[in-house]
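Below is one structure, written out as structure tokens; the observations come after it.
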Amino acid sequence: MKITTIGGGYVGLTTSLCFAASGSAVVTCLEANDSLARRLQSGICPLQEPKLDQLLLQCLAKGAIEFTTQAQEAVTDPDYIVIAVGTPETEDGSADLSQLKNASEMIGKYLRKSATIIIKSTIPPGGTRKVAGWIFSATLRPELKVDVVYSPEFLREGSAVDDFLNPTRIVIGCDNTHAAERVASLYKMCHTADTSIIITSPVNAELIKYASNSFLALKVAFVNDLARLCGTIGGDIRTVSRGIGSDPRIGLDFLAAGPGYGGSCLPKDVRAMTAFSREVGVPLSILEQADRSNLEHQRWIARSVSEAVPCQGTISVWGLTFKSNTADLRNSPSIALIKLLSEYGNYHFNIYDPTVHSQQLALLETISHTCFSRPEDTLENANILLLLVSWPEIKAFPHDQIAMLMRGKSVFDLCDAWDIAGPELDGVRFRKLGVGEMGS
Ligand SMILES: NC(=O)c1ccc[n+]([C@@H]2O[C@H](COP(=O)([O-])OP(=O)(O)OC[C@H]3O[C@@H](n4cnc5c(N)ncnc54)[C@H](O)[C@@H]3O)[C@@H](O)[C@H]2O)c1
């Protein structure tokens, strides 16, 4: 069986390697970025993802995968084509489908035999129909039988391979039962006893993906609202979250207070779902609040921190990625917070993150900053320390040494990294989001 994947990013690369490693398919991964395709073909995995680098080497050694930038060669005669290109947001928040349109037209132009097309990119309702339309309007062979199926991906960065191979659910959106069954059997290596297989219409599948990410964003926004309330009235969000989440109807996941939701999916999917629902005249009023609440939360944190270091100073920031176990900086709450803080004062940022080694971080534009490769080196001239991502290295840092290492005597723990008995240790004030009065 021949599979072509289009896009070699988090979703495309994981999908390609898992199919190639299964032994039932030879995979060609078409990646538009020439340098990325060349690095992948030479065995260099650019993504920091557990298991992905070993899988890449194994699959290359077995000849089960190849990476190319040559569309015609990749798309001419596969049995399945998996589309995993990006669907970023446009200025008005809606999904930018231009990469998807290019990929679809390329399929239409070059495909020479009947095939099943599986869309894994996240798309708004109606997206599957659009892809089919773009393929058919570009094809020179209208007699070919091409089924277009939407099968959203639910993997999480940091555990992409495990999530792909052990999904909680496989959603297959297709109006043609035979095509849906073909796709279900393609995924058979991922079926576990706990996997729900949901075969449904494209529009339901499209809604399931957007609504899942929207619901997760709402959970995070709600718990962060609650954390600010806890901090004001003397509650403890950690206990409150445990109490709420222990109800199986609610669940503990995504109930940890923190610096806001971010990453490559949640913010853009919330905005795209909001924009789509407005466009069709059924605005989702609760979801409209999620984004505002997330931003207000980050502003509130920035205000609280700036009150502790008025006007100017050096702020040590530990953790820059949008969560631990990924090197992905897309829509990172840490970067959002640094940008907000720099509106409040003339600050220099001393940054440590286990995955960020560059001395200059383009995303921070003109903001004054220095990157360090050891957390302790950020502290010498720092007025305050912000803990933003609970990387194992940050959690394990001996916090009893902070008083000795840091010029200032103030720590804001915004990701529940350290368990410290009281608000003070050796003259250092430790403030925790949602515990005691962080803003005071
Ligand atoms: N990253 C995640 O955790 C995740 C999880 C689930 C779903 N998704 C969704 O999956 C999709 C892909 O996400 P990602 O994070 O892998 O994106 P990504 O930006 O990391 O990768 C997309 C890749 O596609 C390539 N590409 C674009 N157009 C192409 C074309 N015409 N031909 C060949 N290659 C092309 C780009 O060069 C890029 O490398 C998005 O819709 C996203 O919302 C992402």
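Each value in this text was obtained by applying a stated rule to the coordinates, not by laboratory testing. Please read these numbers as outputs of a predicted model, since none were measured by experiment. Don't worry about glycine lacking a Cβ; one is built from the backbone with ideal geometry, like all the others, and counts go over all protein chains shown.
Along the charge dipole of region 215-432, Cβ charges K/R +1 and D/E -1, which of Leu361, Cys230, Met406 sits furthest on the positive end?
Result: Cys230.
Note the count of lysine pairs whose C-alpha atoms are less than 19 angstrom apart in region 2-165, limited to pairs 8 or more residues apart or on different chains.
Taking the Cα cut-off of 19 Å, the pair count is 14.
Once the dipole of the chain is set up with Lys and Arg at +1 and Asp and Glu at -1 on Cβ about the Cα centre, which of Ser22, Leu387, Gly8 lies farthest towards its positive end?
After comparing all options, I get Ser22.
Under the definition of Cα pairs under 8 Å and six or more residues apart, what whole-number percent is the relative contact order of the chain? Present the calculation step by step, with values, prior to reporting the outcome.
Details: 916 pairs, mean separation 51.8, N = 440.
Normalised by residue count, the contact order of the chain is 12 percent.
Give me the Kirkwood hydrodynamic radius of region 215-432, using the inverse of the mean 1/r over all pairs of distinct Cα atoms, in Å to one decimal. Please report the intermediate quantities before stating the final value.
Details: mean 1/r = 0.0555 Å⁻¹.
That comes to 18.0 Å for region 215-432.
So for region 284-329, what are the equivalent ellipsoid semi-axes in whole Å, largest first, each being the square root of 5 times an eigenvalue of the Cα gyration tensor?
Values: eigenvalues 126, 77, 7 Å².
Those come to 25, 20, 6 Å.
Would you order His178, His399, His191 from fewest to most other beta-carbon atoms within 10 Å of each residue's own beta-carbon? Please report the intermediate quantities before stating the final value.
Details: His178 10, His399 21, His191 14.
The most exposed by this proxy come first: His178, His191, His399.
What nm distance separates the two modelled labels at Ala32 and Arg249, each placed 7 Å from Cα along Cα→Cβ?
4.6 nm
Please report Rg (one decimal) and Dmax (integer) in Å for the Cα set of the chain.
Every Cα atom of the chain included, Rg and Dmax give 23.5, 77 Å.
Quote to one decimal, in nm, the extra length available between Glu393 and Ile233 on full extension: 0.36 nm per residue of separation minus the C-alpha distance between them. Kindly include the intermediate steps, with their values, before the conclusion.
Numbers: separation 160, 0.36 × 160 = 57.60 nm, distance 3.21 nm.
Gain on stretching Glu393 to Ile233: 54.4 nm.
Viscosity 1.306 mPa s, temperature 10 °C: Stokes-Einstein D of region 263-344 from its Kirkwood Cα radius, in µm² per second? Working shown, then result.
Numbers: Rh = 14.4 Å.
So the translational diffusion coefficient is about 110 µm²/s.
Charges at C-beta only: +1 for Lys and Arg, -1 for Asp and Glu. How large is the resulting dipole of region 2-165 about its Cα centre, in Debye rounded to 20?
On the way: 15 positive and 19 negative charges, 114 e Å.
In debye, rounded to 20, region 2-165 gives about 540.
For region 223-284, divide the Cα radius of gyration by the Kirkwood radius and give the resulting Rg/Rh value with two decimals.
Numbers: Rg = 15.1 Å, Rh = 13.6 Å.
With Rh from the inverse mean 1/r over Cα pairs, Rg/Rh is 1.11.
Compute, for the chain, the length of the dipole vector about the Cα centre, with Cβ point charges of +1 (Lys, Arg) and -1 (Asp, Glu) only. Units Debye, rounded to 20.
On the way: 40 positive and 48 negative charges, 144 e Å.
So the magnitude is around 680 debye.
Kindly state, to the nearest 0.05, the FRET efficiency for Gln54 paired with Gln312, given R0 = 51 Å and r defined as their beta-carbon distance. Before the final figure, lay out the partial values.
Numbers: r = 47 Å, r/R0 = 0.93.
It comes to 0.60.
Hey, fewest Cβ within 10 Å first, where do Ile197, Ile117 land in order?
On the way: Ile197 14, Ile117 26.
Ranking Ile197, Ile117 by Cβ neighbours within 10 Å, fewest first, gives Ile197, Ile117.
So who's got an amide H within less than 5 Å of the one on Cys371, skipping anything under 5 residues away but keeping other chains? H placed 1.01 Å off N, in plane.
Ile351
For region 40-83 and region 175-239, what is the separation of their Cα centres, given in Å?
Taking the Cα centre of region 175-239 as reference, the centre of region 40-83 is 28 Å away.
How high is the FRET efficiency from Arg292 to Thr355, r the C-beta distance, R0 30 Å, rounded to 0.05? Mind showing how you got there, number by number?
Values: r = 30 Å, r/R0 = 1.00.
In this case the efficiency is close to 0.50.
Per residue of region 101-114, what does 6.51 cos²θ - 1.76 cosθ + 1.60 with θ = phi - 60° give for ³J(HN,Hα)? Whole Hz please, x for Gly and Pro, Karplus curve as stated.
5, 4, 4, 5, 5, 5, 4, x, 6, 9, 5, 10, 9, 5
What do the square roots of 5 times the Cα gyration tensor eigenvalues come to for region 2-165, in whole Å, largest first, as semi-axes of the equivalent ellipsoid?
Values: eigenvalues 119, 72, 38 Å².
So the three semi-axes of region 2-165 are 24, 19, 14 Å.
I need the peptides 149-160, 236-247 ranked by packing, meaning the mean over residues of other C-beta atoms within 10 angstrom, with the highest value on top.
Values: 149-160: 21.5, 236-247: 15.7.
Answer by packing, highest mean first, reads 149-160, 236-247.
Order the peptides 94-100, 121-127 from the highest to the lowest mean number of other Cβ atoms within 10 Å of their residues. Could the numbers behind the result be given before it?
Details: 94-100: 18.9, 121-127: 22.3.
Ranking, from highest mean packing down: 121-127, 94-100.
Can you sort Leu363, Leu56 from fewest to most other Cβ atoms within 10 Å of each residue's own Cβ? Don't jump to the answer; show the numbers that get you there.
Details: Leu363 13, Leu56 25.
The most exposed by this proxy come first: Leu363, Leu56.
On full extension of the chain, what length is gained from Ser368 through Ile198, given 0.36 nm per residue of separation minus the C-alpha to C-alpha distance?
Numbers: separation 170, 0.36 × 170 = 61.20 nm, distance 4.98 nm.
Stretched out fully, the Ser368 to Ile198 stretch lengthens by 56.2 nm.
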